[in-house]
Amino acid sequence: MRLVITAFVLWFVAVPDARAEWNVFAPCRDAGFSEAELRYLHAADLCDPRILAERHRSFSAGSIATVAGEGGQVVRVTVTDGYGNLTVMVEEVRRAGSSQAIVIARGLGDGGRRPPEVMQASLESDAWDAIARRASEHAHSRALAPLPAWRDPASRSADNEEVTSICVDGWSVMIETFGFGESRVMSRNACDDSADQVFDFGWRTMRYAFAAFNECGFLDQQFFSNDASRLAFCFGLSGEVNIAASAANAVQPYLYDALASERLRHVLADDVVLTLNGEATVAGADAAFARWRSFVAAGEYEMRFDTAIGAEDNEWRESAQLTLLLVDDAWPNEHQARFAEVVQSWRRIDSVWLLQSTQVGPWQTITVTD
């Protein structure tokens, strides 16, 4: 069983003096880069010591020393997707005097709607041993991978021909370690040279964390890029989490077409009801489906998952309440997002999830920050 905590109080994370910062945020002074490499790294803001503090704030995470406690050990991994979006943060922790390691997973929340979330679970001893061993092995690994030769102007051909990398949109891991000798910060991208195995260390650490939250495994992997994205999605599940995950799996195929395709008709209960904000309720599968399709056809919308609450009654009947976000892609203000909450009730009947009701709330706007 996992422990779910919602972090309402943000940790204040001060930006340390760059002279006292760790490896990659020193800035890059101990990473062994050439002058040409350093120029590129600084131009790309890859050596900015503020990045670490910003990531901690994004997940409401305290300093790694605070998480460890006196005499404790921690490996923290922050995952960024191939488009540069923060995805999830995980911390494997063994505190002094405790034989049981734990894993803490941190989510971003949802802007001003939901604060960053935290989940906690026990970590298998074999998993901790493997993580601790790798942390010790990488005590002296480079903070950043060597830049490929094609990025170094000195290595280019005489005619200045550019060389293009065939690896694109690689996911990244930022690894922080504490209690394994000198504290470390290492950063790797899946497109980096994998010879030093640092990316593999970070990615395996994240997968050990995912495995500790058993219920998250009910999310069908076909709908996700990897276990990091599954873990990030899992923060939105509550109640009977396995049931919530099953219902979320049932809805996933329809999200990209705003739940308006013909196949949606086949998962509507005969007595389904639809209530659009400010309108009378429409009952019956045919009438509700026709009204919904005309509603979404009048705009440019996309549907996004928000939360799912699973439940089971005394007669073992399973149900779920899903909250989705209907996003108005035609909203002209580039500094705002316009959306409406869509609350749906689903019930599993003979192993098939059927939609019982849909209620669309009023339009809301939120400010979008860069």
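The values are calculated or read from the model by the stated rules, or taken from the named source; none is laboratory data. Quick caveat: nothing in here was measured; it's all calculated off a predicted structure. In this analysis, Cβ positions are derived from the backbone assuming ideal geometry, glycine residues included, and neighbour counts consider all displayed protein chains.
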| task | Starting from the range 322-335, keep only residues that are touching a residue at least 40 places away in the same chain (Cβ under 8 Å) and assigned by TED's automatic domain parsing to the domain that holds LEU276, then list their pairs with residues that are of a type in the set (Ser, Thr, Tyr) and outside any loop (DSSP other than H, G, I, E, B) whose Cβ atoms are within a distance under 7 Å, requiring at least 6 positions of separation or different chains. | result | LEU326/TYR301
| task | Just one of (1) within 24 Å of SER225 (Cα to Cα); (2) surrounded by fewer than 17 Cβ atoms within 10 Å (Cβ to Cβ) trips up VAL77, so point out which. | result | (2)
| task | Find the helices (runs of 4 or more DSSP H) located wholly in the range 193-310 whose residues include 2 or more that are outside the structural domain of VAL343 (by TED's automatic domain parsing) and modelled with pLDDT of 90 or more, and list them. | result | 198-212, 227-234
| Among the residues of the range 341-357, which ones are hydroxyl-bearing (Ser, Thr, Tyr) and more than 27 Å from the chain's Cα centre (by Cα)? | SER351, SER357
| query | Quick one: THR281 ticks every box in (1) in contact with a Ser or Thr (Cβ under 8 Å, 6 or more places away or on another chain); (2) within 21 Å of PHE339 (Cβ to Cβ); (3) of a type in the set (Ser, Thr, Tyr) bar one, so which box is it? | reply | (2)
| request: Starting from residues that are hydrophobic (A, V, I, L, M, F, W, C) and surrounded by 24 or more Cβ atoms within 10 Å (Cβ to Cβ), keep the ones in the range 80-92 and report whichever is farthest from GLN120 (Cα to Cα). | output: VAL88
